[in-house]
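Visitor: Input: one structure, supplied below.
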Amino acid sequence: MITEKINIMSDTDSGISLAAEMLKQGGTVAIPTETVYGLAANALDKVAVAKIFTAKGRPQDNPLIVHIAEISDAEPLVEKFDDTARLLAERFWPGPFTMILKRSDKIPKEVSAGLDTVALRMPVHPIARAIIKAAGLPIAAPSANLSGSPSPTTAARVIEDLDGKVDGIVVSSDCEVGVESTVITLTGEKPRLLRPGAVTLEQLLEILPDIEVDSAVLAEPEKDKPVASPGMKYKHYSPKCEIYLVEGSKEKYIDFVNSKSGDDTAALCFFEDKDKIKIKAIPYGSKEDGISKAQGLFEALRQLDEAGIKIAFAHAPEKSGVDLAVYNRLIRAAGFKVIKL
Ligand code: TXA
Ligand code: MG
């Protein structure tokens, strides 16, 4: 049902019904979620799921997250929704939180990229939930960007990346969280954090005191070693310009970037420090406010390319709270190049 002209829909009742109808008919529709926009398709229909991979240019071995509208929707999709999964669901769903469990036969191998597991998330965004509910289906949805580019946090960026490549785009407001969901796996001996997000490690530790942090969260995955989450091995969130992640105090960072020059050099900085920086400065959030950095990061990365920047230095956030998620995305955008001042 690929239409010749892209269907841009509003986030009204009629837009929600149209999006749900397209999903039921096997189409692909970009939808807002609280984290980033997602490119949705019926998770039970392998032909529909294949269209997601084509539209994004996504490697076939990178599995998709399946989105549901109610906790009870999880049960048919997994081997067992055990007490731990239920506790986590009751605490963190709906919200920016994804759990990986052993999958049931209902999940096509195209969704799980051949793994025997499935990633499940119940978004809190009212439009996302309304569309999933109206479709009456589990919905596979990766971020609605072209593979390799920063995830889209505004409808305009979705249109920029996917216009003409998908059946529909639901236009809504900018994403409130701004980085993708926290991903944990419950399929190993101990629970393990694979991707940090707005549900923080500190919050998870309250329920899962034995949770481990996968080494790929803060460091480059070793070559030729299998990674727990295939998405972690790809160069991600990457603008075309070369980025260096810079760790150090406000004063040291400002001195460091002010020692640089050139029209094609920029500093990603905190709002508070912008006026003290003499080269081009793009603020991505406030130092003390992790969510503001999460909200602003991907848009700031896209702005680097638009401004024709070739080299950018990014002032590193902390490695705790929501900042950990921002650090995790930035170190990937930087190709793991870190400068310690
Ligand atoms: O916030 C989000 O999670 C957004 C919105 C749209 O919901 N979605 C999202 O999807 O970020 P995506 O495809 O861009 O990232 C999913 C990540 C990838 O790194 C993928 O490898 C991992 O989750 N993943 C998915 N299923 C998995 C599985 N069964 N085992 C291990 N990793 C899995
Ligand atoms: Mg993605």
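The values are calculated or read from the model by the stated rules, or taken from the named source; none is laboratory data. Quick caveat, the model's predicted, so the values are computed rather than measured. Cβ coordinates were reconstructed from backbone atoms using ideal geometry, including for glycine residues, and neighbour counts include every protein chain displayed.
Visitor: Among the residues in segment 53-63, are any under 26 Å from Asp174 (Cβ atoms), within 16 Å of ligand 2 (Cβ to nearest atom), modelled with pLDDT of 95 or more and not hydroxyl-bearing (Ser, Thr, Tyr)?
Guide: yes
Visitor: Which fully enclosed strands (runs of 3 or more DSSP E) of segment 251-341 have 2 or more residues being buried (at least 17 other Cβ atoms within 10 Å of the Cβ)?
Guide: Where strands (runs of 3 or more DSSP E) fall fully within segment 251-341 and carry at least 2 residues being buried (at least 17 other Cβ atoms within 10 Å of the Cβ), they are 265-270, 280-285, 311-315.
Visitor: For segment 76-118, how many residues are touching a Ser or Thr at 6+ places or on another chain (Cβ under 7 Å), in a helix (DSSP H, G or I) and within 16 Å of ligand 2 (Cβ to nearest atom)?
Guide: Step one: list which residues in segment 76-118 are touching a Ser or Thr at 6+ places or on another chain (Cβ under 7 Å), which gives 76-79, 96-98, 100-103, 117-118.
Now narrow it down to the ones that are in a helix (DSSP H, G or I): 76-77.
Those still in the list that are within 16 Å of ligand 2 (Cβ to nearest atom) too: none.
The total comes to 0.
Visitor: Right, next: So which strands (runs of 3 or more DSSP E) stay within segment 156-244 end to end and still have 3 or more residues that are surrounded by 15 or more Cβ atoms within 10 Å (Cβ to Cβ) and more than 15 Å from ligand 2 (Cβ to nearest atom)?
Guide: Where strands (runs of 3 or more DSSP E) fall fully within segment 156-244 and carry at least 3 residues being surrounded by 15 or more Cβ atoms within 10 Å (Cβ to Cβ) and more than 15 Å from ligand 2 (Cβ to nearest atom), they are 168-171.
Visitor: A further question follows. Give all pairs with beta carbons closer than 6 Å in which a residue from segment 124-150 that is in contact (Cβ under 8 Å) with a residue 24 or more places away in the chain and within 13 Å of ligand 1 (Cβ to nearest atom) meets a residue that is polar (S, T, N, Q) and assigned to a helix (DSSP H, G or I); count only pairs at least 6 apart in sequence or on separate chains.
Guide: Pairs found: none.
Visitor: Consider only pairs whose beta carbons are under 8 Å apart and that are at least six residues apart or on different chains; among these, list those whose first residue lies in segment 173-184 and is within 8 Å of Ala198 (Cβ to Cβ) and touching a residue at least 60 places away in the same chain (Cβ under 8 Å) and whose second residue is away from ligand 2 (no atom under 14 Å from the Cβ) and assigned to a strand (DSSP E or B).
Guide: Between residues of segment 173-184 that are within 8 Å of Ala198 (Cβ to Cβ) and touching a residue at least 60 places away in the same chain (Cβ under 8 Å) and residues that are away from ligand 2 (no atom under 14 Å from the Cβ) and assigned to a strand (DSSP E or B), the close pairs are Ser181/Phe97; Thr182/Phe97; Thr182/Leu193.
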